[in-house]
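The values are calculated or read from the model by the stated rules, or taken from the named source; none is laboratory data. Remember, predicted model here, so these are calculated numbers, not experimental data. Glycine also receives a Cβ, built like all others from the backbone with ideal geometry; neighbour counts cover every protein chain displayed. When the accessible area is computed, the model is the full protein with side chains, heavy atoms only, and any ligands, DNA or RNA have been set aside. Shrake-Rupley method; radii C 1.70, N 1.55, O 1.52, S 1.80 Å.
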Amino acid sequence: MSLVEINFDGIVGPSHNYAGLSLGNIASAAHAGDPSYPRAAALQGLAKMRGNLARLGVQGFFVPLPRPNRALQAALALDGSEPPQLRAAPWSASAMWTANAATVSPAPDTADGKCHLTPANLVTMLHRAQEWPDTRRQLELAFASRDHFVIHDPVPPSLGDEGAANHMRLCQSHADVGVEVFVYGKSGGPFPARQHEQASRLIARAHRLAPERTLFIEQNPAAIAAGAFHNDVVAVANERVLFTHAEAFADQEAAYEAIRRAFPALEVVEVPASAVSLDEAIRTYLFNAQLLTLPSGEMALVVPEECRESPAVWGWCTAMLAGNGPIRQVIPVDVRQSMANGGGPACLRLRVVCDPATVDPRFLLDEAKADRIAAVIEAHWPEQIDPSDIGTEPLARSVIAARQALLEALDLAALG
Ligand code: SUG
């Protein structure tokens, strides 16, 4: 059995829109009420997937969830007098950010040698709390082999859990035993701390992780207050490397020490605030990057285009590449439609270390399938959604039909 890391990207749904739903997410608030471009958004995400497929030889995906969510619409007793945010919640395409779909503990880390997944309850935000039942159905289909995967119930409310966005794994190589680091928030100034410590601890127990290889670290409240609503906005790990802003954790030095005790080979690539301020890191999403191990063994950082446009961030990247660090390439990608809602390259993917032969092949991408997905998006995804379209029946019919066409093209009508 050959364990590799597979990135499962969320295909951006046909109802992608900017409703300003996420308190503490600066981009979401800044773009509230803007027109959105679902077709362009989905094609941007697909182009990122194609790039990583070419780089890594393997890429997975999840399909959009059913929207508008009729059950949530009914539960909200909508009659037109409600605020627009409430009307928009059942339409959210937020499941595209699959880093929030689940927390994943690969087989080498768990006591029973199976890969454990816990769907995130996302209870802090109404529009995200509706995701998990449909996400879970999809995980159960994609990872149906009970010999290899265990899918847990979500953490009970009101313990907030936002999934892999607050979870990092350090290891020599993906197939080796890893140290799992759970990052939780306690406070975030005016903004909610979405990941609760007891939710993280519960998941670690359920996944049967070894206590000596499991760490719980507090996120810097100042980072949350500056707009880092998930840890993956200020830090990312891959194999032995932790790429982090210097102000990511409540006690930065203690965090490094604790990780190093459990994983002595740790290499920290730290960006000081003097080079890139917390605000600039959050604006450009430098850390919401995919840190990939290429087949050559070199590491590449897939960053948003916004990083190249920032003199501070690009200056730091250029100097880093000129040095002798473990990250040898920086690859900008255009995911601007997702970025405008606070979702960068790393938000759009869930990492699962497993043998690809154990995954339902319908969720694995190849070039021919990418062409089929592109054709459906071009034919069916709305070109533009204006705020006044949200809640209307013509748009409901078109996004339902668009998703249905995709499910049929991918032989996934079972999720209809
Ligand atoms: O939960 N944005 C998402 C972005 C999630 C990013 N994920 C990670 N960092 N892993 C969120 O805040 C905005 C929706 C709106 O405003 O319409 C939104 O849900």
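Here's the list of lysines a cross-link from LYS48 could span, going by alpha-carbon distance under 16 Å and ignoring same-chain residues fewer than 8 apart: LYS369. Backbone phi angles across the range 197-211, fed through the Karplus curve with coefficients 6.51, -1.76 and 1.60 (θ = phi - 60°), yield HN-Hα couplings of 4, 6, 5, 4, 5, 4, 4, 4, 5, 4, 7, 6, 7, 6, x Hz in residue order; Gly and Pro are listed as x. When a 1.4 Å probe is rolled over the protein heavy atoms, the share of accessible surface on the range 4-415 that falls to carbon and sulfur comes to 54 percent.
Of all beta bridges that DSSP places with both ends in the range 140-254, some 65 percent have antiparallel geometry.
Over every Cα atom in the range 291-416, the radius of gyration and the widest Cα-Cα span, Dmax, amount to 19.0, 57 Å.
If each Cα of the range 4-415 is one equal point scatterer, what is log10 of I(q)/I(0) from the Debye formula at q = 0.12 Å⁻¹? Normalising to I(0) and taking log10 leaves -0.91. On a per residue basis, the chain carries 36 Å² of accessible surface, using protein heavy atoms and a 1.4 Å probe. Taking amide hydrogens as placed 1.01 Å from N in the peptide plane, the amide H of LEU365 sits under 5 Å from those of GLN59, GLY60, PHE61, each at least 5 positions away in sequence or on another chain. Helix 132-142 and the longest principal axis of the Cα set of the chain meet at an angle near 70°. Any chance you could tell me what percent of the C-alpha pair distances in the range 98-161 go past 14 Å? The answer is 55 percent, as a whole percent. With R₀ fixed at 51 Å, the C-beta to C-beta distance from VAL4 to LEU76 puts the FRET efficiency at about 0.75.
When peptides 9-16, 244-251, 53-60 are sorted by average Cβ neighbour count within 10 Å, with the highest value leading, the order is 9-16, 244-251, 53-60.
Straight Cα distances below 12 angstrom link LYS114 to the aspartates and glutamates ASP147, ASP355, with same-chain residues fewer than 8 positions distant left out. Measuring from centroid to centroid over Cα atoms, what is the spacing of the range 163-199 and the range 203-247 in Å? Their Cα centres are 4 Å away from one another.
Judged by the ratio a/c of the largest to the smallest principal axis of the C-alpha gyration tensor, the range 198-258 counts as prolate, that ratio being 1.5 or greater while a/b is larger than b/c. The angle between the Cα long axis of helix 38-56 and the main principal axis of the chain comes to about 30°, on a 0 to 90 degree scale. Close amide-amide hydrogen proximity is noted between ALA102 and ALA120, ALA164, each under 5 Å apart and 5 or more residues distant or on a separate chain (H modeled in the peptide plane; Pro and chain starts excluded).
From most to least packed by mean Cβ count within 10 Å, the peptides 211-218, 22-29, 148-155, 176-183 give 176-183, 22-29, 148-155, 211-218.
For the chain, what proportion of DSSP beta bridges, expressed in % and rounded to the nearest 5, is antiparallel? Close to 55 percent.
With θ taken as phi - 60° and the Karplus curve 6.51 cos²θ - 1.76 cosθ + 1.60 applied, the whole-hertz 3J(HN,Hα) list for the range 311-318 is x, 5, 5, 5, x, 5, 4, 5 Hz, x standing for glycine and proline. About its Cα centre, the chain has a charge dipole of approximately 440 debye under the convention of +1 per Lys or Arg Cβ and -1 per Asp or Glu Cβ, with nothing else charged. Between the range 71-108 and the range 341-403, the alpha-carbon centres lie 15 Å apart. Peptide packing for 109-122, 159-172, 356-369 was compared via the average number of neighbouring C-beta atoms within 10 Å per residue; ordered from the highest value, the list is 159-172, 109-122, 356-369. With kT/(6 pi eta Rh) evaluated at 20 °C and eta = 1.002 mPa s, and Rh the Kirkwood radius from Cα pairs, the range 196-321 diffuses with a coefficient of 138 µm²/s according to Stokes-Einstein. Karplus-based coupling profile of the range 339-349, in residue order and whole Hz: 4, 5, 10, x, x, x, x, 6, 5, 7, 9, with θ = phi - 60° in 6.51 cos²θ - 1.76 cosθ + 1.60 and x standing for Gly or Pro.
Under 5 Å between amide hydrogens, built in the peptide plane, is the criterion, and for VAL333 it picks out VAL303, GLU305 among residues at least 5 positions away or on other chains.
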